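Asker: First, the structure itself, so that you have it in front of you.
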Amino acid sequence: MIKRILLSTFAASIVISACHTTKKTTAKIVETEPAFQLDTVSVVANEVPKKEIYQESNPRSNDIIHTKLEVNFDWANSKMNGKALIEIKPYFYPTKKLYLNARGMDIKSMFVYQATSKPVKKKEGNKIVDEIEQILTQITTANYKYENDSLKINLEKTFTKDDKYFVEIVYVAKPNELKVGGSTAISSDKGLYFINPTGENKYKMPQIWTQGETQSNSAWFPTIDSPNEKMTQDIFMTVDDKYTTLSNGLLVDTKKNADGTRTDHWKMDQPHSPYLAMMAVGEFKKVTDAPWNGKEVSYYVEKEYEPHAKAIFGDTKEMIEFYSNKLGVPYAWPKYAQIAVRDYVSGAMENTSATLHGDFAVYQTTRETIDGVKGNSIIAHELFHQWFGDLVTCESWSNLPLNESFATYGEYLWEEYKFGRDAADYHHNNSREGYMNSDKEVNLIRFNYRDREDMFDGFSYNKGGQVLHMLRKVVGDDAFFASLKNYLETNKFKSGEIHNLRLAFEETTGQDMNWFFNQWFLSKGRPKLIFTKKYNAATGDLEVTVEQTQDFKKYPLYKLPVEIDAYVNGAAERTKIIITEAKQTFNLKVSGNPQLVNFDAERQLLCDLDYTKTTEEYIYQYKNAPLFMDRYEALKQLDAKLADANVYAVFKWAAENDKYHVIRNFAITKLTDAPAEKLSEVKTTLLSVYTNDKKTRTRAKALSALNKKFAADADISALNLKALNEQSYAICGEALEAISKNNPKLAMEKSKLFENESGKDVLYPIAELYSTNGSDEQIQFFHNSLNKFNGFEVMGFLGLYSKTAKRCSTSTAALAAADDLYFIGKGGSRFTKFSAAKGIKDISNAWDAKEKTLKGQLESAKKENKDFTAIEKDLKTATETKDILIKKYNEIK
């Protein structure tokens, strides 16, 4: 799952090269505490011992083999009528009790059946075949208790692990009546969502969808709602014939009913965890891409995005091929579908064979994708889950990194393959910062969380992805992917814990990997390192010292395989070392006095590094070290020194010539801080970038820099006008913003050319312009543009809409705006509703002020015996308008 808040070391068997010696300093032996203990107690003098939190894996007394669901939907009341037939067997020990999760349901009936097998002969074409048929015999109308969202069923008979039995439950799911829950990562936990079910919001397509992680699917079907449960399933969805449906597996049958409805039968033959089951219903348009190895690849979108579906999701088939080849394990499921839904409560969800995306995360028009496909990483993340999370599922939420760390690292692998290592390392660095900025420190695999939702954080995702990258560097690429293949094939269609992963690596590589897994997965923290260097001309040795300074009472003393590049006469001389002590000195043989010593040359180590370099060393690093992080770090360290001619020259060169556009963008932004005597040259450089760069967003960045520093120049004003003819919305948006600042009247005129476009990069600047310069005439623009904004985007747009509506002089325009806000809020998420209500309140306040002003004018006119007929009419209009606005506000606040 991608959150909505919302992403390296070397071979373990390395021997220090014979061309240098290792000098060890005296180090204090540090004993670290275990990462966690089972059933431990915390004892303080004169206090009663307190048991530590330990979140054990859910015990398995019964095992669901198959679930058959028959459902239909009460749209008007946001309820689902369901019938579940669940095939079950005791897991190992005999039992006569069954516990099922079932949240907030009305249970209409329940029956328990015993299954017996009977051989039968069936005709298949011209042949008679022998089959085994299951005969169900009702044991009893089940004796059960329903409390605390759990069905406690007395089976009336003891079943052994060799027996199968069935439970049939007829029920009504009532998700909107559940107690509101959720977390930072997943904002609601009601499982089944009716979005704008009665169609009152004319800007949003009515739809139904589900969200199961972590324990929410039991809000719409009774089950053992645990990640270590695995089942196959059949889902029969009865819907109005106009609707499209989607679920896991394949659509094996569809039948039209006499009442105008249709029943779709979705079949999932391969076992997966209950939280990965899904349904979606709505007037979606299905766009089918070329199949992958005979398996359907399809995208479900709203009608407006049907022409753009392949531009949004078009890399999917190539991703499936890449991951299948890289892992050595072909995509396992019978199809791969993706659907974009409204008001989604997280970012995206990896439902088996049918990923669900929040519309805000992926929706773009084809023209918008000129500036980049915004959902590419999310699409990659959720697809990689089809292996890590779906094919092999974490057996408990304590082991969530087995799902999310891998999906996060799947993003890196796709970026590396498709766009190159610079792109992958940039993405990786952004993910790293997400972890480094965390205000807590916990184990990756942790059994002491207070709420399972707490596991969805910058550790399970971001830190975990960093750790996997280090693991790859420790064992090498071939061993890394061979080990993943081993892990997947050994545990496929089952659940796993961190030790399954470690054992797969040990079995594959022949190396003991406890040291790595203990310090990175089962302990918290990261190393804090101080690195110093000294060249000895007499011996030709480079003496390097690495000191670990983390708090050893809290964090481990790390074993750190790492590589050092010493650059001598323009060539890198690489040495591999393994740090094992609190302070350690290594003497490296080099061919001369290095111009640069690049510690952690592969840029894989997750640590806080204290390493001081000179300006000259950073300039050398930018020019000679090859990786994105080498160059990016150098520029970041140099950006305050643009007065230095050599530093300025580096930034000028980087802006025009660096091979990766993110570096070019960074250099472009900083060039505007160059000394005054360089500004003429800076302008020439930026114009060159704008004219010649192949990346539209880099060209837009150059135009933004030109407007920041040279907005008053006539040639830049002309350039902005010409830029409005570009296909890139990013470039057009920059130009519109600049024109708006310098010539609002001209901007109002030019904005009309873009009012019917779909790109947010131009629609937002227009909305901002109108919010300060527009009035009644511009309300139609906002009205027409509302359906082009998705998810959280709409909230900012509503703020600009209401700001414009406050400026309206006529009641008609103000009320039209309020109607839009009302409908958007009425059928929206709680966040959208808040924004809409605030907007209506702001408009009503404006009319309240008008009313007060007119009352004052009326009093003055009466005192002065002036004709006040017109004022009285305007006051009546103002009062009526204000009252209508207040009523609308009270209805949705």
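Asker: When you scan the stretch 153-161, do you find a residue that is part of a strand (DSSP E or B), at pLDDT below 80 and open to solvent by less than 80 Å² (accessible area, probe 1.4 Å), even just one?
Answerer: no
Asker: Consider TYR331 carefully, then state whether it is hydroxyl-bearing (Ser, Thr, Tyr), within 30 Å of ASP478 (Cβ to Cβ), at pLDDT 95 or above and part of a strand (DSSP E or B).
Answerer: Answer is no for this residue.
Asker: Out of the strands (runs of 3 or more DSSP E) lying entirely within the stretch 230-286, which hold 1 or more residues that are among the charged types (D, E, K, R) and within 17 Å of LEU391 (Cβ to Cβ)?
Answerer: Filter on the stretch 230-286 gives 261-272.
Asker: Another question, then. Tell me which residues, restricted to the stretch 693-724, are under 34 Å from the mean Cα position of the chain (by Cα) and open to solvent by 50 Å² or more (accessible area, probe 1.4 Å).
Answerer: LYS694, LYS695, ARG697, LYS701, LYS708
Asker: Specify the residue that is most open to solvent (accessible area, probe 1.4 Å); the eligible residues are those in the stretch 399-450 that are closer than 19 Å to ASN518 by Cβ, out of contact with any Lys or Arg (no Cβ under 6 Å at 6 or more places or on another chain) and not aliphatic (A, V, I, L, M).
Answerer: That would be ASN448.
Asker: Filter the stretch 781-799 for residues that are among the aliphatic types (A, V, I, L, M) and open to solvent by less than 40 Å² (accessible area, probe 1.4 Å) and give the result. Talk me through it step by step, then tell me what you get.
Answerer: The initial filter retains those residues of the stretch 781-799 that are among the aliphatic types (A, V, I, L, M), namely 786, 794-795, 798.
The answer is LEU786, VAL794, LEU798.
Asker: Out of SER298, SER324, which single residue is part of a helix (DSSP H, G or I), among the hydroxyl-bearing types (Ser, Thr, Tyr) and out of contact with any Gly (no Cβ under 7 Å at 6 or more places or on another chain)? Steps first, please.
Answerer: Numbers: SER298 fails: part of a helix (DSSP H, G or I).
Going through SER298, SER324 in turn, just one is part of a helix (DSSP H, G or I), among the hydroxyl-bearing types (Ser, Thr, Tyr) and out of contact with any Gly (no Cβ under 7 Å at 6 or more places or on another chain): SER324.
Asker: Quick test for you: out of ALA870, ALA861, pick the one residue that is out of contact with any helix residue (DSSP H, G or I) (no Cβ under 9 Å at 6 or more places or on another chain), over 15 Å from VAL794 (Cα atoms), hydrophobic (A, V, I, L, M, F, W, C) and part of a helix (DSSP H, G or I).
Answerer: ALA870
Asker: Next question. Restricting attention to the stretch 506-524, which residues are under 15 Å from PHE447 (Cβ atoms) and assigned to a loop (DSSP other than H, G, I, E, B)?
Answerer: Matches in the stretch 506-524: PHE521, LEU522, SER523, LYS524.
Asker: Still on this structure: Pairs needed: first member in the stretch 559-579, over 20 Å from GLY476 (Cα atoms) and modelled with pLDDT of 95 or more; second member anywhere, open to solvent by 50 Å² or more (accessible area, probe 1.4 Å) and of a type in the set (Asp, Glu); C-beta distance under 7 Å; at least 6 residues apart or different chains.
Answerer: ALA566/GLU573
Asker: Same structure, new question: Among the residues of the stretch 631-650, is there at least one that is in contact with a Phe, Trp or Tyr (Cβ under 7 Å, 6 or more places away or on another chain), aliphatic (A, V, I, L, M) and either more than 25 Å from ALA424 (Cβ to Cβ) or surrounded by fewer than 18 Cβ atoms within 10 Å (Cβ to Cβ) (or both)?
Answerer: Yes - at least one qualifying residue is present in the stretch 631-650.
Asker: Is it true that GLU382 is open to solvent by less than 10 Å² (accessible area, probe 1.4 Å), charged (D, E, K, R) and either over 17 Å from TYR417 (Cα atoms) or not in a strand (DSSP E or B) (or both)?
Answerer: Yes, satisfied.
Asker: Moving on to the next point. All but one of (1) within 30 Å of LYS670 (Cβ to Cβ); (2) out of contact with any Phe, Trp or Tyr (no Cβ under 8 Å at 6 or more places or on another chain); (3) small (Gly, Ala, Ser) hold for GLY592; state the number of the condition that does not hold.
Answerer: Checking GLY592 against (1) within 30 Å of LYS670 (Cβ to Cβ); (2) out of contact with any Phe, Trp or Tyr (no Cβ under 8 Å at 6 or more places or on another chain); (3) small (Gly, Ala, Ser), the one that fails is (1).
Asker: Which of (1) part of a helix (DSSP H, G or I); (2) open to solvent by 40 Å² or more (accessible area, probe 1.4 Å); (3) more than 23 Å from ALA712 (Cα to Cα) is the odd one out, the single condition LYS745 does not satisfy?
Answerer: Among (1) part of a helix (DSSP H, G or I); (2) open to solvent by 40 Å² or more (accessible area, probe 1.4 Å); (3) more than 23 Å from ALA712 (Cα to Cα), the lone unmet condition for LYS745 is (3).
The values are calculated or read from the model by the stated rules, or taken from the named source; none is laboratory data. Every value quoted in this text rests on a predicted model; they were computed, and no experiment measured them. Quick reminder, even Gly has a Cβ in these numbers, built from the backbone with ideal geometry, and neighbours come from all protein chains shown. What goes into the accessible areas is simple: the full protein's heavy atoms, side chains included, and nothing from ligands, DNA or RNA. Shrake-Rupley method; radii C 1.70, N 1.55, O 1.52, S 1.80 Å.
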